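The values are calculated or read from the model by the stated rules, or taken from the named source; none is laboratory data. This structure is a prediction, so every number in the text was calculated from the model and none was measured. Using ideal geometry, Cβ is built from the backbone for each residue, glycine included, and neighbour counts are taken over all protein chains shown. Side chains are part of the model used for accessible areas, which takes the heavy atoms of the whole protein and leaves out ligands, DNA and RNA. Shrake-Rupley method; radii C 1.70, N 1.55, O 1.52, S 1.80 Å.
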Amino acid sequence: MSALAPTYARYPVEFASGSGCVLTDVEGTEYLDFLAGIAVCSLGHSHPAVVGAVQEQAARLMHVSNLFTNAPMVRLAERLVERSFGRSVYFANSGAEANEAALKLVRKARPKGDVVSVHGAFHGRTFGALSATPQESKQAPFAPLVPGFRAVEATAEALRATVDGDTAAVLLEPVQGESGVHPLPPEVLAAAREACDRTGAALVFDEVQCGVGRTGTLWAYEQAGVVPDAMTLAKGLGGGMPIGALVIGEKLSGVFAPGDHGSTFAGGPVSAAAANAVLDVVDSPEFLAGVHERGERLAEGLKELPGVTDVRARGLMVAADVSADAPEVARRALLEQRLVINATGPATLRFVPPLTVTEAEIDTALERLYALL
Ligand SMILES: Cc1ncc(COP(=O)(O)O)c(C=O)c1O
């Protein structure tokens, strides 16, 4: 029996090292990684810029607590503000924690207000984030959940009909990740924006998975043309180091005061240094254009594969519906084809490779999938 709590059904493969899009297991076998630690290793494995930043910062100063500032954290906050709608940033250690911070922020802005989320959403596993994640299988064993959450269909009509003067916030992923890469239509995001403007509620975008260049723009909201009042980030931001962030815009900028929220490790200098190294690479028009182009190549290639019934893509956030048993395809891809992908549902495969993936690696992944499908 394993000493690990059985909260994950883990694959029988143990990785020992990684470089770029290649992972090597303890026996020396190489795998092509199109999962990137679930959209985390945005520059691939052991990218010299991230490794260098972490090593340099770890040797200099690893932790001081949030009773003090530290230079990498301040620089990162300034960059996130400069490159978005934000006025300030609260740091966290994960996506769920960033969402918890967002939930507290909007509740403080509108005391007793409800939070509206949509079906298909995934916002994390902590109690608040789980309460905004309307999935029976994930919620039911942990009832009662946090009160004050309402889930509606992800349609303009449902949002218009639901959001009212008792709504603190609408929380949405511009591109839903865990449901299998479902971009919310621009009119749905626009309707959420209008409903929030009409009622004084806050619009919060969860860009934990779709942010930081994943969709081919630095933030997914840029493609929809709808600007939120706050945005949560994590996953790809740290390039493999744990970091989350809540970017707070003008409307909510005066809400948090000293003592309202906090976290011992959040914004630690080593994670922040890694995130700065990630932004150095990702935040360039050429790099983002490359993400878009290589995402198209992957999506177009997937459409040609046998048994693929639908492909949804925004940059390098790609899903393919298949007529086969998707979890079994993902398992065989790993064990037989040495290709790391995952299934987000019984018929859906997800591809979130490092943003540095090459065209040749995309073609190799497609060949390996072809052999399976
Ligand atoms: C959109 C979204 N929000 C929140 C989370 C939770 O992030 P974490 O696992 O870092 O808590 C995830 C994780 O998959 C996510 O995809």
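Name the single residue, out of those in the stretch 97-120 being within 10 Å of the ligand (Cβ to nearest atom) and touching a residue at least 60 places away in the same chain (Cβ under 8 Å), that is most open to solvent (accessible area, probe 1.4 Å).
Top of the filtered list is Glu97.
Sort out which residues of the stretch 122-135 are touching a strand residue (DSSP E or B) at 6+ places or on another chain (Cβ under 8 Å) and within 8 Å of the ligand (Cβ to nearest atom), and write them in order of number.
Result: Phe122, His123.
Test of understanding: among Thr309, Thr344, Thr364, Thr356, which residue is part of a loop (DSSP other than H, G, I, E, B) and open to solvent by 30 Å² or more (accessible area, probe 1.4 Å)?
Thr356
Being surrounded by 15 or more Cβ atoms within 10 Å (Cβ to Cβ) and among the polar types (S, T, N, Q) is the filter here; which residues of the stretch 264-306 pass it?
If the condition is that a residue be surrounded by 15 or more Cβ atoms within 10 Å (Cβ to Cβ) and among the polar types (S, T, N, Q), then Ser271, Asn276 are the ones that fit.
Among the candidates Val170, Val163, Val181, Val204, which residue alone is at positive phi and in contact (Cβ under 8 Å) with a residue 40 or more places away in the chain?
Val181
What number of residues within the stretch 121-130 are in contact with a Leu (Cβ under 9 Å, 6 or more places away or on another chain) and open to solvent by 40 Å² or more (accessible area, probe 1.4 Å)?
1
Looking only at strands (runs of 3 or more DSSP E) that fall completely inside the stretch 202-263, which ones have 1 or more residues that are hydroxyl-bearing (Ser, Thr, Tyr), buried (at least 24 other Cβ atoms within 10 Å of the Cβ) and within 16 Å of the ligand (Cβ to nearest atom)?
Answer list for the stretch 202-263: 230-233.
Only one residue in Thr162, Thr199 is closer than 27 Å to Ala257 by Cα, away from the ligand (no atom under 16 Å from the Cβ) and hydroxyl-bearing (Ser, Thr, Tyr). Which one?
Thr199
Could we say that Asn93 is within 21 Å of Glu250 (Cβ to Cβ) and within 16 Å of the ligand (Cβ to nearest atom) here?
So Asn93 fails the test.
When the stretch 315-373 is examined, which residues are found to be more than 21 Å from Gly177 (Cβ to Cβ) and among the aliphatic types (A, V, I, L, M)?
Hits for the stretch 315-373 are Ala324, Leu335, Ala360, Leu366, Ala371, Leu372, Leu373.
Among (1) open to solvent by 50 Å² or more (accessible area, probe 1.4 Å); (2) among the hydroxyl-bearing types (Ser, Thr, Tyr); (3) closer than 26 Å to Val322 by Cβ, which single condition is Thr133 missing?
Tallying (1) open to solvent by 50 Å² or more (accessible area, probe 1.4 Å); (2) among the hydroxyl-bearing types (Ser, Thr, Tyr); (3) closer than 26 Å to Val322 by Cβ, Thr133 fails exactly one: (1).
Name every residue in the stretch 44-90 that is open to solvent by 90 Å² or more (accessible area, probe 1.4 Å), part of a helix (DSSP H, G or I) and of a type in the set (S, T, N, Q), in order of residue number.
Gln55
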